[in-house]
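First up is the structure itself, then whatever we jot down about it.
The values are calculated or read from the model by the stated rules, or taken from the named source; none is laboratory data. In this text, all values refer to a predicted model and were calculated from it rather than measured experimentally. Neighbour counts are summed over all protein chains in view; Cβ atoms, including those assigned to glycine, are modelled from backbone coordinates with ideal geometry. Ligands, DNA and RNA are excluded from the accessible area calculation, which covers all protein heavy atoms including side chains. Shrake-Rupley method; radii C 1.70, N 1.55, O 1.52, S 1.80 Å.
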Amino acid sequence: MTREEELHKVLSEAVVDMDEEQAAVMAQAVVDEGFDAYAAIEKGLSQGMEEVGRLYEEEEYFIPELLLCSDAMYAGIEILKPHIKRRQDSEHHTVVIGVVEGDTHDIGKNLVKIMLESAGFEVIDLGRDIPAREFLRQAEESKADIIALATLMTTAMPAMREVVEELEKEGRREAYKVIIGGGPISSAFAKKIGADVYAVNAAEAARLARELVS
């Protein structure tokens, strides 16, 4: 294992262990030792949150643990984010992103936002518990290319379908690409509701977004 891989591993473990101080120390080590900040988020902090998501689904972790893990993730991100090398393109693309109505958990959405910004997108962050019509309104206003929807709750999954149906009702479905993601989401669900793609994690969301606008 290389030194960089070792740092990624410890960053991931710090998130799972809810160790905010360790996450910050390791993130600073990434910066001080000249390693790539984006990779540290993708392969360290983000992977840690994926493991946290698995523990949450298996009811080993609950909301309090989830929040403490996210605090550790944000402690690392705060140090790494200013050092991300952002992609500079001549073409300008915009993503409207938010957590759908009925869900107030925005940890994953915030991570996707960082990855999208790093990939060169302008990101309009609507926040959480957002009604379907608001996604369309903001996409129209900002002339967005992509609408990205997130949820951590199965009870909020129907709200993703409502966004797609709102686009269809207004005759604007072909105007936007729709990416969905979150703990209970699958590619089968994306296909079922008529979304364009399902992203399994934040880095994948940024990669798929690049493909959708290329």
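If you average the alpha carbon positions of the stretch 37-97 and of the stretch 149-180, how far apart do those two centres end up, in angstrom? Cα centroid to Cα centroid, the span is 23 Å.
Please compare each pair in Lys143/Lys169; Lys109/Lys169; Lys143/Lys192 to a cut-off of 24 Å on the Cα-Cα distance and tell me which ones are over it. Mind dumping the intermediate values first?
Details: Lys143/Lys169 18 Å; Lys109/Lys169 26 Å; Lys143/Lys192 26 Å.
Lys109/Lys169; Lys143/Lys192, as the Cα separations exceed 24 Å there.
A probe of 1.4 angstrom, applied to the heavy atoms of all protein chains, finds Asp71 with accessible area near 70 square angstrom. Label point 7 Å out from Thr104 along Cα-to-Cβ: which residues of the stretch 142-180 have amide N under 18 Å? Answer for the stretch 142-180: 150-157. Eigen-decomposition of the gyration tensor built on the alpha-carbon atoms of the stretch 3-83 gives equivalent ellipsoid semi-axes of 22, 11, 9 angstrom, largest listed first.
Mark the label point 7 Å from the Cα of Arg3 along Cα→Cβ and return the residues of the stretch 12-33 whose backbone N is within less than 17 Å of it. From the stretch 12-33, the list is 25-33.
Once the Cα atoms are used to define both axes, helix 20-32 deviates from the longest principal axis of the chain by about 80 degrees. With the helix formula -39500 (n - 2.57) applied to DSSP H stretches of n ≥ 4, the chain reaches a computed 222 nm mean residue ellipticity of -16500 deg cm²/dmol.
What translational diffusion coefficient, to the nearest whole µm²/s, does the chain have by Stokes-Einstein, given a Kirkwood radius computed over alpha-carbon pairs, a temperature of 25 °C and 0.890 mPa s viscosity? Write out the running numbers ahead of the final one.
Details: Rh = 17.4 Å.
Answer, rounded: 141 µm²/s.
In a reduced charge model with +1 at each Lys and Arg Cβ and -1 at each Asp and Glu Cβ, the stretch 93-213 shows a dipole moment near 280 debye about its Cα centre. Mean separation of Cα pairs under 8 Å and 6 or more residues apart, divided by the residue count, gives the chain a relative contact order of 17 percent.
Normalised by residue number, the volume inside the convex hull of the Cα atoms of the stretch 93-213 is 81 Å³ per residue. Dipole magnitude for the chain: computed about the Cα centre from +1 point charges on Lys and Arg Cβ and -1 point charges on Asp and Glu Cβ, it is near 900 debye. Which of rounded, prolate, oblate describes the stretch 48-159, given a ≥ b ≥ c as roots of the alpha-carbon gyration tensor eigenvalues and a/c under 1.5 marking rounded, otherwise prolate only if a/b is larger than b/c? It is oblate, given that a/c is not under 1.5 and a/b is not larger than b/c. Can you give the angle from 0 to 90° between the axis of helix 3-16 and the longest principal axis of the chain, with both taken from C-alpha atoms, to the nearest 10? That helix lies at roughly 70 degrees to the long axis.
What dipole magnitude, in Debye to the nearest 20, does the stretch 1-85 give about its Cα centre under +1 on Lys/Arg Cβ and -1 on Asp/Glu Cβ?
Dipole about the Cα centre, nearest 20: 440 debye.
Between Arg210 and Arg133, the simple spin-label model (points 7 angstrom out along Cα→Cβ) gives 3.8 nm.
Between the DSSP loop rule and a limit of at most 15 other Cβ atoms within 10 Å, which trypsin sites (Lys or Arg not before Pro) in the stretch 16-100 are left? If you can, show how the numbers build up before the last one.
On the way: sites: Lys43, Arg54, Lys85, Arg86, Arg87; in loops: Lys85, Arg86, Arg87.
Sparse-neighbourhood loop trypsin sites (Lys or Arg not before Pro): Lys85, Arg86, Arg87.
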